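The values are calculated or read from the model by the stated rules, or taken from the named source; none is laboratory data. Nothing here was measured: the structure is a model prediction, and the numbers come from that model. Glycine gets a Cβ as well: all are built from the backbone with ideal geometry, and neighbour counts include every protein chain shown. Note: areas computed on protein heavy atoms with side chains; ligands, DNA, RNA excluded. Shrake-Rupley method; radii C 1.70, N 1.55, O 1.52, S 1.80 Å.
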Amino acid sequence: QVQLVESGGGLVQSGGSLRLSCTASGFTSSNYAMSWYRQAPGKERELVASISSISTTVYADSVKGRFTISRDNARNTVYLQMNSLKAEDTAVYYCRNLAKNAWGQGTQVIVSS
């Protein structure tokens, strides 16, 4: 059974940092591209960052230079390190594997200004 489980969200002050984790089960995530999306209240879900099977990374312009996506293949886990957080980063963050058509349940990030 394919499953993605996110963790690491929470409440942080503007300028602070958080690290989100997405642990996969039921498949070997290192063989696939993995992505982080987010959805703010009243807005559409948007791509934040992706990492390919060979660890090529892509970022939304709004997070470039502040967020870093990485993977630990031994743990079957993908991370999103978020630094210099802003109030506009407040959203539910989701992990996604397109090939398996899998989404995680989401983890809430709230950045207080």
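Would you say residue 40 is within 14 Å of the chain's Cα centre (by Cα), loosely packed, with under 15 Cβ neighbours inside 10 Å and more than 17 Å from residue 3 (Cβ to Cβ)? Quick ask: steps written out before the conclusion?
Values: within 14 Å of the chain's Cα centre (by Cα): yes; loosely packed, with under 15 Cβ neighbours inside 10 Å: yes; more than 17 Å from residue 3 (Cβ to Cβ): yes.
Judged against the criteria, residue 40 is a match.
What's the total number of residues in the stretch 63-113 that are touching a Leu at 6+ places or on another chain (Cβ under 8 Å) and among the basic types (Lys, Arg)?
2
Got a number for residues in the stretch 21-62 being in a loop (DSSP other than H, G, I, E, B), in contact with a strand residue (DSSP E or B) (Cβ under 6 Å, 6 or more places away or on another chain) and within 21 Å of residue 108 (Cβ to Cβ)?
3
Can you run down the residue pairs with Cβ atoms below 9 Å, 6 or more apart or on separate chains, where the first is in the stretch 14-25 and closer than 13 Å to residue 84 by Cβ and among the hydrophobic types (A, V, I, L, M, F, W, C) and the partner is modelled with pLDDT under 95 and surrounded by 13 or more Cβ atoms within 10 Å (Cβ to Cβ)?
Final answer for the pair search is none.
For the stretch 63-91, give me the residue count where each residue is part of a helix (DSSP H, G or I) and within 16 Å of residue 7 (Cα to Cα).
Summing the residues that are part of a helix (DSSP H, G or I) and within 16 Å of residue 7 (Cα to Cα) in the stretch 63-91 gives 1.
Could you please give the count of residues in the stretch 66-100 that are free of Cβ contacts under 8 Å to residues at least 12 places away in the same chain and either open to solvent by less than 30 Å² (accessible area, probe 1.4 Å) or closer than 14 Å to residue 33 by Cα (or both)? Break it down into steps so the answer makes sense when it comes.
In the first step, residues of the stretch 66-100 are kept if they are free of Cβ contacts under 8 Å to residues at least 12 places away in the same chain; the result is 72, 74.
When the remaining residues are screened for being either open to solvent by less than 30 Å² (accessible area, probe 1.4 Å) or closer than 14 Å to residue 33 by Cα (or both), the result is 72.
Qualifying residue count for the region: 1.
Name the residue, out of 63, 111, that is over 14 Å from the mean Cα position of the chain (by Cα), open to solvent by less than 20 Å² (accessible area, probe 1.4 Å) and either within 17 Å of residue 9 (Cβ to Cβ) or in contact (Cβ under 8 Å) with a residue 24 or more places away in the chain (or both). It would help to see each step written out before you state the result.
On the way: 63 fails: over 14 Å from the mean Cα position of the chain (by Cα).
Unique residue meeting the criteria: 111.
Kindly check whether there is at least one residue in the stretch 5-12 that is of a type in the set (Asp, Glu), open to solvent by 60 Å² or more (accessible area, probe 1.4 Å) and within 12 Å of the chain's Cα centre (by Cα).
No, the stretch 5-12 contains no residue that is of a type in the set (Asp, Glu), open to solvent by 60 Å² or more (accessible area, probe 1.4 Å) and within 12 Å of the chain's Cα centre (by Cα).
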